[in-house]
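Please treat every number below as a calculation from the coordinates, not as lab data. Remember, it's a predicted structure, so these values are computed and weren't measured experimentally. Cβ atoms come from the backbone with ideal geometry, glycine included; neighbour counts cover every protein chain shown.
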Amino acid sequence: MRYPATRPRRLRRDEFSRRLVREHRLSVDDLIQPLFVIEGRDRSEAVGSMPGIERLTVDRLAAEAETIAALGIPAVAIFPVTPAEAKSDDAAEAWNPEGLAQRAVRALKDAVPELGVITDVALDPFTSHGQDGLLDDQGYVTNDATVAALVRQARSHAEAGVDIVAPSDMMDGRIGAIREALEADGHVNTRILAYSAKYASAFYGPFRDAVGSAANLGGGDKKTYQMDPGNGEEALREVSMDLAEGADMVMVKPGMPYLDVIQRVKQRLQVPTFAYQVSGEYAMLNAAFANGWLEREPCVLEALLGFKRAGADGVLTYFAKEAAGWLRG
Ligand code: PBG
């Protein structure tokens, strides 16, 4: 043979043919922007370990929602920073109709009704111990009592007008219990995005700083409910159970270290599948950008495109606004 029988490089030679044969694309339709919300008026706070990310007061959410919607981003996910005095062992602040999350939902839906709003359903921002559930007298996160509390929380979010509740707690049976309660309340169109395959990851550190749960958690971990990083098949079982219980969409979290899990879920179950590029992934990339070791725009866009190639329908990412700006520009 005097020449290669096939030359894949021919199609790579020019931008026009690279564009023609490109298999996957990232668009603004794929992005969800997380937002941290704080008490107070007309102020914002930087998050030290997440450069460029700010916690905002509820009155500043309207302007933020307008910016995000103008960029074409379909939805935001809100995370309240609960003041220390509102935290308790029973996490009652989680279903306070005047709680930060509930007020944030109302403010966002008033300001920009067409922007989708997602709330996190889990107790960690509200518990004095920083765990996602309620503790029994041995200090174990108890399942069924926690599910009852999560149901109260999800109902109060739906009452406030949220579009999507996203249980991120990993208790057994919570999707079914929440779905049943929402149906009973007449919230038949409140969607459930289940954090089905959420791993006990070391990449959540900056988020726990951002919402102020790190100190409460102390040296504790979440290994008795979040998944073991060594497991892949178990993710399919978790996703299948959540779908059977009424989940509309499922999530794999964290993102980049778990692309294989996203691919398996999408290929085997063929349901709307989301990835969460978590705070540690954001912090890690930003540290490299700040040092001049990596270039910002191409690295962010490549990392996000990787989720699409793996099979994700969308990505929760702290880069959403920035990426939307680049994709539109
Ligand atoms: C709460 C929750 C966490 C994240 C989202 N929801 C933290 C945790 O499970 O400890 C992490 C998100 C991130 O790191 O960006 N259950």
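Worth a mention:
- Ordering 117-125, 148-156 by mean Cβ neighbour count within 10 Å, with the highest value first, yields 117-125, 148-156.
- Considering only the range 1-106, percent of DSSP beta bridges that pair antiparallel, nearest 5: 25 percent
- About the centre of its Cα atoms, the range 25-328 shows a dipole size close to 740 debye [charges on the beta carbon of Lys, Arg (+1) and Asp, Glu (-1) only; nearest 20 debye].
- Descending Cα extents along the principal axes, the chain, whole Å: 76, 44, 41
- For the range 25-328, share of DSSP beta bridges that run antiparallel, in % to the nearest 5: 10 percent
- For the range 1-147, alpha-carbon Rg over 2.2 N^0.38 Å: 1.56
- When its C-alpha radius of gyration is set against 2.2 N^0.38 Å (N residues), the range 157-276 gives a value of 1.09.
- Note on the chain: helix-only mean residue ellipticity at 222 nm, from DSSP H runs of 4+ residues weighted -39500 (n - 2.57) and normalised by residue number, equals -11500 deg cm²/dmol.
- Relative contact order of the chain, pairs being alpha-carbon contacts under 8 Å that are 6 or more residues apart, as %: 18 percent
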